[in-house]
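Inspection log for the structure reproduced underneath, given as structure tokens.
The values are calculated or read from the model by the stated rules, or taken from the named source; none is laboratory data. Nothing here was measured: the structure is a model prediction, and the numbers come from that model. Cβ placement follows ideal geometry from the backbone for every residue including glycine, while neighbour counts extend to all protein chains displayed. Note: accessible area is taken over every heavy atom of the protein model, side chains too, but ligands, DNA and RNA are not part of it. Shrake-Rupley method; radii C 1.70, N 1.55, O 1.52, S 1.80 Å.
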Amino acid sequence: MTQIPKHYAVAFAKRYSDRTTDYFNAATALWRVGELLDDAETLKKYLDIVYPEDNRWAPWVGSEVVSYYAVGLVTCLEWHARSRLVDLLTSIPSAFKTDDLKVMRDKVVVETLTSNVTVAAVVGAATNISTLEDYMGVFARLFDAVGLQKSPLDAVQAKRIGAEEAWLKANDIEAVQNLYRFRNALVHEIGIERLGHFNVRDRWGPDEAIATIQIVHNLMRALECAITSSAPAGFPNLLDSDGVPKSELTRVKQEIDEMEKEVVRIFDDFDDFGDELETSKKEFTRARRSSEIYIRRELDFIDNCPVLFNRYVDMKNPLMLALMQSRRDYLKCILETVGGVFDTDVSIETRSSS
């Protein structure tokens, strides 16, 4: 019987290692912020009826729950940074630092191995993102690793796509810093800011909540646009210019096509095998066609099998991806094996994504 991990970071990594619950990524953080924005705008419409502006106290003394959007926003920022840290360490292991591995003590190493989760996932789960500096620090590491010649601050202060204004202004950065302080006090303290006279209480009104949510969304989008423009081929969980996840399935299909062409190219480099090699090249061409037919039929099976449909869980896409990755990994093995033994140049990027 599988044991439940005791260490919180291993338990977290295990919880989000299931392909059908693939929520630990940048897109999820952005979607969540978007949902909070929709919710806050809807709530404002109701509160404007219950608390008309001309009858309000100043500062806002309406619904206390409005302030708790801060908790959701800090969670989204934490999710964004930690998921991108895992992407970085998975894709570029040389980006690991000694301090990252402090969590990997004896019992944690054993739990990591028995839970079949990666060290990168455990490190990401254990990383504390409690300030804006922590958050931006993760992206500074990522930018440096992928060769981006600017800082995260430069990225968020750059002009947004198709607009003249920057993603964030100077006072927007201050607003995010205040967000962390406000959230920390909200969830840890009950002082004069919570129970004092209404004139000295510290709480958000609907407009302030909506404005802060929009700032956080812009912050995350700015960083993601910079990553999309410079991340290497195969970097996990990339988004397009609209913040929508790029299709991993499409990318793997493209890699398969490029690798198959590269296999043929490598074979062409061997002139001294004569007719025997020509026969092998023809066999590979036939095998390639058979593989295409097989994969197409498997994809049809996955797409049409009623057992593989559930309205709450995506079972089809993970299975399709596993099918395509198996072909991609086989071709990658051919290229690396031939290239390693015969010291042949393999020009294609063959790094496998996780």
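Number of residues in the stretch 55-96 that are over 22 Å from Gln214 (Cα atoms) and in a helix (DSSP H, G or I): the value is 11.
Inside the stretch 113-171, counting only helices (runs of 4 or more DSSP H) that do not spill past its ends, which hold 1 or more residues that are open to solvent by less than 80 Å² (accessible area, probe 1.4 Å) and aromatic (Phe, Trp, Tyr)? Outline the logic, then answer.
Numbers: elements: 119-126, 132-145, 152-156.
Where helices (runs of 4 or more DSSP H) fall fully within the stretch 113-171 and carry at least 1 residues being open to solvent by less than 80 Å² (accessible area, probe 1.4 Å) and aromatic (Phe, Trp, Tyr), they are 132-145.
For first residues located in the stretch 85-114 and closer than 14 Å to Gly137 by Cα, partners that are among the basic types (Lys, Arg) and part of a helix (DSSP H, G or I) and lie 6+ apart or on another chain with Cβ distances below 7 Å form the pairs Leu88/Arg141; Ala95/Arg141. Taking every residue in the stretch 20-47 that is closer than 22 Å to Lys316 by Cβ and pairing it with any residue that is at pLDDT below 95 and assigned to a helix (DSSP H, G or I), at least 6 positions away or on another chain, the pairs with Cβ-Cβ distances below 7 Å are Thr20/Pro318. Summed over the stretch 3-38, residues that are of a type in the set (Ser, Thr, Tyr) and in a helix (DSSP H, G or I) total 4.
Taken over the stretch 228-240, the criterion of being among the aliphatic types (A, V, I, L, M) and open to solvent by less than 50 Å² (accessible area, probe 1.4 Å) is satisfied by Ala231, Leu238, Leu239. All conditions but one from (1) closer than 23 Å to Thr228 by Cβ; (2) over 11 Å from the mean Cα position of the chain (by Cα); (3) modelled with pLDDT under 95; (4) surrounded by fewer than 22 Cβ atoms within 10 Å (Cβ to Cβ) apply to Tyr23; the one that does not is (2).
Here's the yes/no breakdown for (1) surrounded by 17 or more Cβ atoms within 10 Å (Cβ to Cβ); (2) on the phi > 0 side of the Ramachandran plot; (3) touching a Phe, Trp or Tyr at 6+ places or on another chain (Cβ under 8 Å); (4) of a type in the set (D, E, K, R):
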{"residue": "Arg203", "(1), (2), (3), (4)": "yes, no, yes, yes"}
{"residue": "Thr212", "(1), (2), (3), (4)": "yes, no, yes, no"}
{"residue": "Asn218", "(1), (2), (3), (4)": "yes, no, yes, no"}
{"residue": "Asp242", "(1), (2), (3), (4)": "no, no, no, yes"}
{"residue": "Glu276", "(1), (2), (3), (4)": "no, no, no, yes"}
{"residue": "Thr279", "(1), (2), (3), (4)": "no, no, no, no"}
{"residue": "Glu292", "(1), (2), (3), (4)": "no, no, no, yes"}
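Screening Lys253 with (1) in a loop (DSSP other than H, G, I, E, B); (2) open to solvent by 60 Å² or more (accessible area, probe 1.4 Å); (3) modelled with pLDDT of 90 or more gives one miss only, at (1).
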